1. Take the stretch 159-173 and flag every residue that is of a type in the set (Asp, Glu) and more than 10 Å from Val234 (Cβ to Cβ).
2. Kindly provide the set of residues from the stretch 92-125 that are over 18 Å from Pro20 (Cα atoms), in contact (Cβ under 8 Å) with a residue 60 or more places away in the chain and not in a strand (DSSP E or B), ordered by number.
3. Restricting to the stretch 205-244, count the residues that are in contact with a Leu (Cβ under 6 Å, 6 or more places away or on another chain) and assigned to a loop (DSSP other than H, G, I, E, B).
4. Do we find that Arg57 is among the basic types (Lys, Arg), over 47 Å from the mean Cα position of the chain (by Cα) and surrounded by 13 or more Cβ atoms within 10 Å (Cβ to Cβ) in this structure?
5. Residues that are small (Gly, Ala, Ser): list the helices (runs of 4 or more DSSP H) wholly contained in the stretch 352-438 that include at least 1 such residues.
6. What about Val259, is it β-branched (Val, Ile, Thr) and modelled with pLDDT of 95 or more?
7. Pairs, please: C-beta under 8 Å, at least 6 apart or cross-chain, first residue among the basic types (Lys, Arg) and in the stretch 418-439, second surrounded by fewer than 15 Cβ atoms within 10 Å (Cβ to Cβ)?
Amino acid sequence: MKTSVEKLSDTRAKLTVNVPFEELGSEIDQAYASVAQQVTIPGFRKGKAPRQLIDARFGRGPILEQVVNDMLPTRYEAACVENDLKVIGQPNIEVTQIEDNEFVEFTAEVDVRPEITVPDFSTIEVEVPAIKIDDEAIDEELTSLRERFGELKDTKRKMKTGDFAIIDLEATVDGETVEEATTEGLSYEVGSDDLIKGLDTALRGMKTDEDSEFTAEMQTGEHQGKEATIKVHVQQTKERKLPELDDEFAQMASEFDTVEELRESTKSQLEDSKKAQQASDIRDEVLKAALAQSEFALPESIVDEQVHNQLHQLLGQMAHDENALAQMLEAQGTTREEFDKQSREQAEESVRTQLFLDAVAEEEEPEVSQQELTDHILFTAQSYGMDPNQFVGQLQQSGQIANLFADVRRGKALAAAISRTTVKDDEGNSIDPDIYFGETEEDAEATEAEAPEATEGGADKE
């Protein structure tokens, strides 16, 4: 087999493959056997007709067609390996020449991973927010817990931030009622600032059965950008009564007997949460710094495919109703052009990150254990709210397990690289990235024991 590669761009290549007939013996045998089983020739049992008779009766066309179809996948894959092409998309294959008993020639245009220079991670320095857990932060968490057990009670006093009101709203523009901004009996928390600009200011100080009026600019709808007159009527006012923070509350709201134990547990949970956030911050900052040192072209067809998939998924949630999408974008105060632009930017960032992490994985060469792959599958199934067995079945049916394997491999490679970086918090304290990203002795032993089995399941398919 002879092969040659023409570089069409930084992200696309044309592969030309010439396969001589002497290398197609098994495919030719298989083709004749298959045709013989499908035809009936007088004087011969099914499958026993000689090749010369098959050629005389049906010609070489069906044989050559099957030979070509059978040999294309294997010869294409072998040619990619021979030329060290890092393929990242489906090829566009064209059979360009068939000379019977001599050779078959075909071309394949395909997207390939661009040349990516991975920076020296030991030279990367990043800064992340320091972990701060004070009494005020703990008090805020305990207050949130108390609010979950709080009760709303009627009040006759003037409203303040945190109170609740049952209100009627009427919006008019040039004397015309704006239906989408007019409602009755709406429950609203004063200070939430998530409805109409100026509403919180109007409600503060109001009492039950009082009215107020203010002006605000319409943010959505056909009157977007116009000034509207907003009338608000308070049907009812309520205040939230919180339970006392004592041992009785601790026993009711948790598994602890005392408020001191509840407070200590809350502090521990905050620490875990802050550490997880700090680890995420380190990962994001290191990746951003590394990407800033590595410029490379993106395969447009891969970006286009990701943009299309995002749009298709979103429209699928709306029964593929373009009008519903337009209404949603209008409600968000954006346009289809802005949405398309943002979708492409997100797709480009996603593709850029994935290609870069593939290059990092190629340098780091991390091993992935079966347990790590299983854990990742279980976590992903949980994030989709699916039964793990059902999720695995779908992965096997769609051939996506190799993709999840690649995700784990990328994550391990980046973790290994991050461990070599220099990290400080915004108070100047050094942070050892190994605390979050270093491989434990148990992880290393599990990987060494199970990596060959996991690799067999997906590494070659990446």
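The values are calculated or read from the model by the stated rules, or taken from the named source; none is laboratory data. These numbers come from a predicted model, not from an experiment. Note: ideal-geometry Cβ built from the backbone for every residue, glycine included; neighbour counts use all protein chains shown.
1. Asp163, Glu170
2. Selection gives Arg113, Pro114, Glu115, Ile116, Thr117, Val118, Pro119, Phe121, Ser122, Ile124.
3. Of the residues in the stretch 205-244, 0 are in contact with a Leu (Cβ under 6 Å, 6 or more places away or on another chain) and assigned to a loop (DSSP other than H, G, I, E, B).
4. no
5. Correct list: 370-383, 388-398, 401-418.
6. Considered against the rule, which asks whether it is β-branched (Val, Ile, Thr) and modelled with pLDDT of 95 or more, Val259 comes out as yes.
7. Sorted first by the residue in the stretch 418-439, then by its partner, the pairs are Arg420/Ser122; Lys424/Glu125; Lys424/Ser430.
Per-residue answers, yes or no, for (1) surrounded by fewer than 16 Cβ atoms within 10 Å (Cβ to Cβ); (2) among the acidic types (Asp, Glu); (3) closer than 30 Å to Tyr436 by Cα:
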{"site": "Asp135", "(1), (2), (3)": "yes, yes, yes"}
{"site": "Glu140", "(1), (2), (3)": "yes, yes, yes"}
{"site": "Lys153", "(1), (2), (3)": "yes, no, no"}
{"site": "Gly162", "(1), (2), (3)": "yes, no, no"}
{"site": "Ile166", "(1), (2), (3)": "no, no, no"}
{"site": "Ala171", "(1), (2), (3)": "no, no, no"}
{"site": "Thr182", "(1), (2), (3)": "yes, no, no"}
{"site": "Glu210", "(1), (2), (3)": "yes, yes, no"}
{"site": "Gln219", "(1), (2), (3)": "yes, no, no"}
